[in-house]
Amino acid sequence: MTFIETIADFFEKLGNVFSSFSLSDALDILLVTFLIYGAIKLLRDTRAIQLVKGIVLIGIIYLVIIALDMNASQYIFQSIFSNIVLVLLILFQPEIRHAFESLGRSNITKKIPLIGANNIVHDKESIEKMIGEVIKAAEEMSAKKVGALIAFERGTLLGEIAQNGTQLDAIISRQLLENIFYPKSPLHDGAIVVRGDRVVSAGCILPLTSNPELSTELGTRHRAEIGLSEESDALILVVSEETGAVSYAIRGELYRDVTMENLENVLTQKLSENTKQDTGLIAKLRGILSGLKSDGKDVG
């Protein structure tokens, strides 16, 4: 076959491929590409890349064993590889769970109403007032070097975390936060879970991060702060008992020594996503009641 005939045969086969190419084929390629990209991104952003290196090394060793015809070693490796799917599920369980949780928190799935999803819409004014009280308390506790750990619930429900603490269900105020985290208070060692403008529970135990790359200077509060942020989309605030420095964590990232202004901006931005302005009938009724109270005071 001449060179020209080879080129012609190649283009003929290529034309046959495109002639039978359908929309389902295009979607199939896009889906596979998305899955591969997601897997690479997941491995790159987590410690699972070390596991992958170990698995590759085991594969190379297995090939050497086959080449040298080492029967006993082959039997052991074949026993392991016969259950490779189960082994991979166990090894990559945290990463697989993280991938599904990330998918569940995506913009697409947020629009799907599901039982257990945090679809509660909070009043904007109450959230803004709550943030103001938190800033006042954080500033006071920072100045006095009083340790604090506050988890703000967002899209991911923190019911399991809240259940292991003392149930409160109280509206947030500066005085309440300072009393909870007062060093001699029985609840000061744990975290509080905040839903909307209310403290759901106090004295809660948060999961600690297992990231070995973190600084040894970080104590239990900061490791709990990062740990919960790795497992949910919650925003977690910490006031250091040793230095009085304020930090927050979100999506596994820790931001240390933040100013009150920066903290207020972050809280406003992150906690105002599920809020609405009270402009309906309830707002009008509140206005009427406020006017009646004012008139009553004037008369008195």
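Overview of results
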read-out: Subset of segment 7-29 that is surrounded by fewer than 10 Cβ atoms within 10 Å (Cβ to Cβ) and of a type in the set (S, T, N, Q) - its residue that is modelled with the highest pLDDT; value: 24
read-out: Boolean, residue 65 is modelled with pLDDT of 75 or more, under 37 Å from the mean Cα position of the chain (by Cα), farther than 17 Å from residue 156 by Cα and surrounded by 11 or more Cβ atoms within 10 Å (Cβ to Cβ); value: no
read-out: Residue match in segment 200-214 (condition: surrounded by fewer than 14 Cβ atoms within 10 Å (Cβ to Cβ), out of contact with any Pro (no Cβ under 7 Å at 6 or more places or on another chain), at pLDDT 80 or above and not acidic (Asp, Glu)); value: yes
read-out: Segment 220-253: number of residues that are touching a helix residue (DSSP H, G or I) at 6+ places or on another chain (Cβ under 8 Å) and part of a loop (DSSP other than H, G, I, E, B); value: 8
read-out: Residue list for segment 119-172, filter: out of contact with any Cys (no Cβ under 9 Å at 6 or more places or on another chain) and assigned to a strand (DSSP E or B); value: 122, 123, 148, 150, 152, 167, 168, 169, 170, 171
read-out: Residue ID - surrounded by the fewest Cβ atoms within 10 Å (Cβ to Cβ), chosen from residues in segment 181-199 that are at pLDDT 90 or above and under 17 Å from residue 222 (Cα atoms); value: 190
read-out: Those residues of segment 213-257 which are under 18 Å from residue 159 (Cα atoms), out of contact with any strand residue (DSSP E or B) (no Cβ under 8 Å at 6 or more places or on another chain) and in contact (Cβ under 8 Å) with a residue 24 or more places away in the chain, in sequence order; value: 230, 231, 232
read-out: Test: residue in segment 184-193 that is closer than 13 Å to residue 149 by Cα and polar (S, T, N, Q); value: no
read-out: Residue 193, sole failed condition from (1) in contact with a Ser or Thr (Cβ under 8 Å, 6 or more places away or on another chain); (2) over 21 Å from residue 256 (Cβ atoms); (3) touching a residue at least 60 places away in the same chain (Cβ under 8 Å); value: (3)
read-out: Residue in segment 87-143 that is surrounded by the most Cβ atoms within 10 Å (Cβ to Cβ), counting only those that are modelled with pLDDT of 70 or more, under 23 Å from the mean Cα position of the chain (by Cα) and of a type in the set (Val, Ile, Thr); value: 134
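The values are calculated or read from the model by the stated rules, or taken from the named source; none is laboratory data. Please read all numbers here as calculations on a predicted model, not as lab measurements. Cβ coordinates were reconstructed from backbone atoms using ideal geometry, including for glycine residues, and neighbour counts include every protein chain displayed.
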